[in-house]
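Values quoted throughout were computed directly from the atomic coordinates according to the rules given, and no laboratory measurement underlies them. Here the structure is a predicted model, which means the values were calculated and not measured. No Cβ is skipped: glycine too gets one built from the backbone with ideal geometry, and neighbour counts run over all protein chains shown.
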């Protein structure tokens with residue numbers, strides 16, 4: 001793996017993610033100065049760390065590689081999961097079912113056998129998942145306060161938000177660097193919660209194969 005290839009791909013992924021260098025460093029368990037060295041090409045991480053970085057950005061580790069001298073390239077085991085449509089991380093959009101299967105790592109597919117993918121549109125959750133990514137939604141996972149969920153707002157539209165259920169209130173909270181996004185508060189005593197349906201919990205996300213970095 002060349003430093004130059006890693007530098008270019010890592011820098012593009014970091015910029016597209018919307019995360020600051022400090023936040024990336026925190027999530028990857030390294031110093032902020034390490035992020036700067038990766039971006040400048042002064043240093044590249046060991047292979048185990050490359051896998052961790054790829055998982056963080058939701059991409060295949062091979063995007064960081066141009067060649068391995070003396071190594072054999074193998075295709076990772078994967079399984080196909082359905083991509084049902086688009087999900088708005090911001091303004092809810094009508095869900096449109098798409099008959100398409102997307103390959104995800106076999107380990108993740110086996111852990112969440114009933115999961116499905118939804119495409120994220122918008123920036124209201126970009127601290128967690130960047131715009132344009134595929135969010136993996138597990139419909140049978142236990143939902144706890146603070147989890148990111150896919151939720152039908154009125155039976156026909158869906159949105160991706162942090163979910164909080166209080167005594168008589170449900171709060172759908174954005175997690176965004178954009179201050180224009182504000183929480184949606186629903187009063188269940190006024191029947192505002194009756195049409196809500198949680199589709200599942202977001203457990204993973206990945207970049208589409210045709211994503212531009």
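Counting pairs of alpha carbon atoms under 8 Å apart in space and at least six apart in sequence, what relative contact order in percent does segment 3-64 give? Kindly include the intermediate steps, with their values, before the conclusion.
On the way: 52 pairs, mean separation 24.2, N = 62.
The value is 39 percent.
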> What ranking of 143, 24 emerges when the number of other C-beta atoms within 10 Å of each C-beta is taken as an exposure proxy, fewest first?
Replying inline: 143, 24
> How would you classify segment 1-65 from its alpha-carbon gyration tensor, with a ≥ b ≥ c the square roots of the eigenvalues: rounded for a/c under 1.5, else prolate if a/b is greater than b/c, otherwise oblate?
Replying inline: rounded
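Once you order the gyration tensor axes a ≥ b ≥ c over the Cα atoms, which shape class does segment 78-206 get: rounded for a/c under 1.5, otherwise prolate or oblate by comparing a/b with b/c? Provide the component values of the computation, followed by the final result.
Values: a/c = 1.78, a/b = 1.56, b/c = 1.14.
Prolate is the answer for segment 78-206, as a/c is 1.5 or above and a/b outweighs b/c.
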